[in-house]
Each structure stands twice: as C-alpha cells, then as structure tokens.
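All remarks here apply to the structure that follows.
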Amino acid sequence: MIEDARHLPAETAIDVDICIIGAGAAGLTLAHSLGGTKSSICILESGGLSYEHLPQRLSRGTSVGVPYEALDLCRVRQFGGSTGRAGWGGWCKPLDLQDFEVRSWVPLSGWPIKRADLDPYYAAAADLLGIKKMGATTSSGRGFPAMEQLFAEQCHLSPRANIGESLLPGLRNNPNLRIIVHATALRLKTNSLGNHVHSIEVASTRTKRFQVRANLFVLAGGGIENARLLLLSNDESEAGLGNQHDQVGRYFMEHPRVTWGGLNPNPADRSLALYDPALPSRKRDLDASPALNSCFEGFGLAVRPEARARMHLLGSRTWIKPSVDFKRAQGEEALQYTTFWLRKGRLHRDLLRSGSQVLMHPLGAVAAGLARLTGSWRSPRYYRFVTILEQEPNPLSRITLDFKRDAFGSRCAKLDWHISPLVRHTLERVQAMIVEEMTKLGHSCWTYPQEAQMSIEPAYNWVRHHMGTTRMSDDPQRGVVDSACKVHGVHNLFAAGSSVFPTGGNDMPTLTIIALAMRLGQHLRSLLDRHELSEHRYPVPRTAERAHNGGGATAV
C-alpha cells in the first residue's frame, strides 16, 4: 500500500518490524528482497511518487571545500530516488578485484568483505536491472587493438534503469509493506544508552509530526542524508548517533571528472565510437522493447590493475566523446548539460544554472547545436577525452551540519570536499598513457593548455556520486558500520547504499549499491528468522494503530 503522510492524523504512531528510510535504489531493493516474509515493513520517502520542487529544497546545503554542485541538484527526493527519469542514466559495472583489496599506496583502502562475497548478489542485481552477460569485463573479440597499459573496460547500460517504476507493481502487492511518501525523517530516538533505536520522528508538513516504531531500522537516504540523519539524532550524544569515534560524515568521496584534451582521428581506426557513452544511450532510448533486448554496452579506457599497482595509481576510466570544435569545448558541454536537465524534466534552478553557462560560451554551444541539427556529429572531426577518477578515503573530506535550517527546522548539510595530490598524480599518468597509446594508433592528440601546466590544478567536475560517509569497517575507529552494515554500538540500526563504501572504484556505484542491499536483505531475514533481536523486539499493536489512525491513511 502507498500512502501520503500529509493525510495521516497528527501524532500518529506506526508500529512495524522493519523501517527503511529512503525509497531509492538501496531502500527499494532491500524491501524487494524482503518480499515474502511475514515481517511488516515501512518505507519512508521524503518526496512524492514523481519529482517535486518543494521536497527537493530540503536537500539544500552549503559547500565550503573544492567547488561542487549545489547539493539539492545532485540528489533526487522522490520514489525511486536518483534512479528515475530525473536522475541516473543506467550505467552499471561491478567493482573490480583490486577495489576490495588493501593497496599500500592508497590510505585506508580495503573492504572488510571480499569481491567473492558480493558476486552472487552482483548476478542478482544485474538480473533485477535487466542486464545480461554481466561476466565479461574486457573487450576480447571486439576489435580493439592491444594496449600495453590500458584496456577497454566493458560497462553495461540497464534497460530498466527506473528502479521505482520496475519494482512498484511487486511492492504494491506486498500486503506486509507500507510505503509512505511525503514523509521526512527528522531524527532517530534511542534509549538512554544510545545503543538501541526505538522510534523515528517524521514530518509530513511544517506543523504535523508522527512517529514510526520498529524492531529494525535501515538508513537508505544516500551518501549525504544517511550521515546527516545520524548527526541530527543527538538527543543522547551531542556528537550524533553512532559517532562515538567522530567517524560519521567523514571520508566523503566523489568521482572527479575532468575534460582534459582530445584528438583528431585517424580515419582507418573505426573503434573510437565504441568509447562514446551516448551511442548505447541513444540505442536504448530508441528500442521499442528494451526489456526484451538488454544488450546495451559501452567501453571506457581503464588502466590495467598491474600498471596501477606499479605506478601507484587510483582507479580511472576515460570516455572518448565526439566534439565539434575542440577550441570551444566549454560551450559544447554547457549545451549538453542543459539538454540533460531538459530530458530529466528538472526545469527549476537546474535549467537556469546550466542555461547561464550556454550564454557564457555561445560559440561552442551554437556549433554543437548546429552539428546536432544537421547530423554532422555522426562523423565528427574531433574527439575529446573525459576522465572519471577514483578518490581515496580522506577523513578531512566530510559532511557536517550547517547552522542554516530547512523548512522543518533541521540543520542543513555542509560539504567540505577535498581532492588529494594522489588524484592529480593519477590524472597526469592517465593523460600520458592515453596520448601515447592513441598516437601509436595514428591519432593526433593534444591536451588543453591549462591542464598541461603542472602548477595549475585541473577544473574538477563531478558525477553526483556520494560515497563513504558511513563507511564499512570492522574497526569502529575507522568506520561507522561493520561488515554486516550494522552501525557500530547500536543493536538494531543498519545503513545501506554508497555511504557504506570503503572505496568507490572508478565510477558507476549503482550496481554495487543494489548488490549490497540484497546482501543486507538476506542478513535481516536471518536475524528475523532466528529471532536474534528478541530481547529488543518491540510489540506491534496494529489494531491499536488502526484505532488511533481512525481507520487508516489515504492511499495514493
């Protein structure tokens, strides 16, 4: 059943076995994996069933570190989260083996679980997203030339990227599941010791509050909101819930993105188009029945693991995108960014912001627009390199609370994003390797002048991936959750999503988010089946709740 919290009577008390905060990829996958159990489940979603501007404003915050996207533009508050039309594009790949290992040159690297522990869930996640043949990770047999230090990394494009849309029918039919939209979590309430959560305070309007009591709670609000909610839940500890070692909010990681150069192609090499992510996207969008034809894939240039270890590099992946005029790349990218927001249907501050960039770089935007209208982009004269980079976990890169407050009176998030010299070192080595390999293939390559000067820091952009703020570590002094995703020091509180990533790989976290949510779902099933939480279980008086609600809430 789907309900609108705005129609719930004030001070309603809802009692369930499991309360999931957030209806994005992690929260919905977790609810889906718990289907068929007798446990009662409640999902709280701050937004509505589709994109709305008013809930989106609750994500506003402040950025004080490296310049970053406005925080309310890189998260989506709605059923389905950022996987819907207004967010994620659908690209997927698993983390590689090296991502899970301790790397001597990457501080705090290594996961407390192995890649083999996630492999069964990766397969299930791929199936959920309609992706076939996930096993292959290189371009064997695809006509790519052999490269000494680079390889063509295979990436898959989901034909069912809108997780909310694909899972909604099954979730609606679960009699033990309540999905409550327009329900914003304000703070978790614990016992006096702070080691057991008994309820969560929720707001539906500026003046209306209600609570959900549960045996198990799962944070699935994203890499910023998971940390923010723990910090806001400070009734028993001023530092926040689960923050006894000052770890909540630290280790914020993104995937820095840099456009740094390009090439004039050798006509004899016809493989460049396979490195352009726009081609599979257009193919998928034109496919009349994508659920039946899921063979959408692309390739990015990545550094071989042995070369990364030898040169002490972080992960990276480089797209090679068509370009109409390498001298005016800023205008071209600004037009693509504006078109991106138009296609997502987000026509508020997003459009104004990206539209202003088009006006600042009109020549490149006009050239790109004409190329699209005339079809000349199909045989481009130039290509540009766009590299997406891994970040190592850095305790100084973090989410804290600002003094500004949102519409419900909660303190907003403040982001202090740091990018280390190791990221710059990786970028420089990747540039040199790509230029060397492409030159061998007969392409004429160049780097943009400002990036060629080592004294000038690159203009880092982002891909709106928020990771690491409740990182997974079996050592409470180096993380927030353990290998089972349970918050250290709290019996019945778990976290899901990319906030638990110890490291983030070279891009595309969604498949791993879904795989981890499935793994967590299996773990919660085992806890409930074995009644391991019996000493903490809260009675569930559903008849009393119905009497209190006056017959139930209005269904959507």
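Coordinate-derived values only; no laboratory data. Just so you know, these numbers come straight off a predicted model, no measurement behind them. Methodologically, a virtual Cβ is constructed for each residue, glycine included, from the backbone with ideal geometry; neighbour enumeration extends over all protein chains shown.
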| field | ³J(HN,Hα), Karplus 6.51/-1.76/1.60, whole Hz, each residue of the range 194-199, x for Gly, Pro | value | x, 10, 8, 8, 9, 6
| task | Distance check, please: which entries in Lys93/Lys321; Lys208/Lys486; Lys114/Lys486; Lys38/Lys486; Lys114/Lys414 exceed 24 angstrom between their Cα atoms? | result | Lys208/Lys486; Lys114/Lys414
| field | Largest-first principal axis extents of the Cα set of the range 168-311 (Å) | value | 71, 46, 30
| So what are the radius of gyration and Dmax for the Cα set of the range 1-66, in Å? | 15.0, 48
| How large, in Å, is the range 380-509 by the Kirkwood hydrodynamic radius built from its alpha-carbon pairs? | 17.9 Å
| Segments 492-501, 510-519, 171-180 sorted - mean Cβ within 10 Å per residue, highest first | 492-501, 510-519, 171-180
| message | If every alpha-carbon in the range 43-83 counts as one equal scatterer, what log10 I(q)/I(0) does Debye give at q = 0.16 1/Å? | response | -0.42
| said: For a quick check of your reading of the filter: which GluC sites (Glu not before Pro) in the range 234-276 sit in a DSSP loop and have no more than 10 other Cβ atoms within 10 Å? | reply: Glu238
| task | Between Leu97 and Asp246, take the C-beta separation as r, use R0 = 22 Å, and let me know the FRET efficiency to the nearest 0.05. | result | 0.10
| said: As an exercise, take the mean of 1/r over every pair of distinct alpha carbons in the range 32-147, invert it, and state the Kirkwood radius in angstroms. | reply: 18.6 Å
